[in-house]
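Data block below; observations after.
The values are calculated or read from the model by the stated rules, or taken from the named source; none is laboratory data. Here the structure is a predicted model, which means the values were calculated and not measured. Glycine also receives a Cβ, built like all others from the backbone with ideal geometry; neighbour counts cover every protein chain displayed. Surface areas here come from the heavy atoms of the whole protein model, side chains and all, with no ligands, DNA or RNA. Shrake-Rupley method; radii C 1.70, N 1.55, O 1.52, S 1.80 Å.
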Amino acid sequence: MPLSEGDLAPDFDLPASGGGRVGLSALKGHKVVLYFYPKDDTSGCTLEAQDFNGLLPAFAEADAKVVGLSPDPVKSHDKFCGKYGLAFPLAADEDKAVLEAYGVWVEKSMYGRKYMGVERTTVLVDRAGRIAKIWPKVKVPGHAEAVLTAARALP
């Protein structure tokens, strides 16, 4: 069953870059930008991470926490954060349970070959833990700015 705006966002507690953990319940009371991406250090994912990272001060002013989430392991996340100076947590969902809970672990197709992967999606969660907005099948250019605009508009 796909998630909809207004639904309670599925909680999680995952290992994250920097040796810590990140979970939705620990961020309750803040707006949370959860962006799901396919793979560390690939062109589109790097651009998306850099865009969110560049807007971190503006997200902080809007009281919004940014969390990236992919199936890559923490070691890969740490390397990715170090290489690009990313200052927000990247959660490692290696068993894909959270990706499945959010409906972003889907069948994809490239050159006629079908495979399972992450559909680039962003979910904005309000202070009460409800889904305020969902951006499915994200196109990276201008996306972080659109999410920031929506985060600013939330009470």
Point to revise | Where a residue in the stretch 66-77 is among the charged types (D, E, K, R) and its partner, wherever it lies, is not in a loop (DSSP other than H, G, I, E, B), with Cβ under 8 Å and at least six apart | key: ASP72/PHE80; ASP72/LEU90; ASP72/ALA92
Review point. Just wondering, is there one or more residues in the stretch 26-48 that are under 18 Å from HIS143 (Cα atoms), open to solvent by 40 Å² or more (accessible area, probe 1.4 Å) and polar (S, T, N, Q)?
Key: yes
Practice item. Report whether or not VAL98 is part of a strand (DSSP E or B), of a type in the set (A, V, I, L, M) and under 23 Å from ALA16 (Cα atoms). Key: no
Revision key, fill the gap. Within the stretch 126-147, of all residues that are in contact with a helix residue (DSSP H, G or I) (Cβ under 8 Å, 6 or more places away or on another chain) and part of a strand (DSSP E or B), the one most open to solvent (accessible area, probe 1.4 Å) is LYS133
Check your understanding: When the residues of the stretch 82-103 are filtered to those that are aliphatic (A, V, I, L, M) and out of contact with any Pro (no Cβ under 8 Å at 6 or more places or on another chain), which remaining residue is least open to solvent (accessible area, probe 1.4 Å)?
Key -> LEU90
Check your understanding: So which residues in the stretch 45-89 are of a type in the set (D, E, K, R) and closer than 29 Å to ALA153 by Cα?
Key -> GLU48, ASP51, GLU61, ASP63, LYS65
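Could you tell me whether GLY117 is at positive phi, of a type outside the set (A, V, I, L, M), open to solvent by less than 80 Å² (accessible area, probe 1.4 Å) and outside any helix (DSSP H, G or I)? Full working, then the answer.
Details: at positive phi: no; of a type outside the set (A, V, I, L, M): yes; open to solvent by less than 80 Å² (accessible area, probe 1.4 Å): yes; outside any helix (DSSP H, G or I): yes.
For GLY117, the condition - at positive phi, of a type outside the set (A, V, I, L, M), open to solvent by less than 80 Å² (accessible area, probe 1.4 Å) and outside any helix (DSSP H, G or I) - is not met.
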Review point. When both residues are 6+ apart or on different chains and their Cβ atoms are under 8 Å apart, which pairs have a first residue that lies in the stretch 36-59 and is acidic (Asp, Glu), and a second that is open to solvent by 20 Å² or more (accessible area, probe 1.4 Å) and modelled with pLDDT of 95 or more?
Key: ASP40/SER76; ASP40/LYS79; ASP41/SER76; ASP41/LYS79; ASP41/LYS83; GLU48/ARG120; ASP51/GLU145
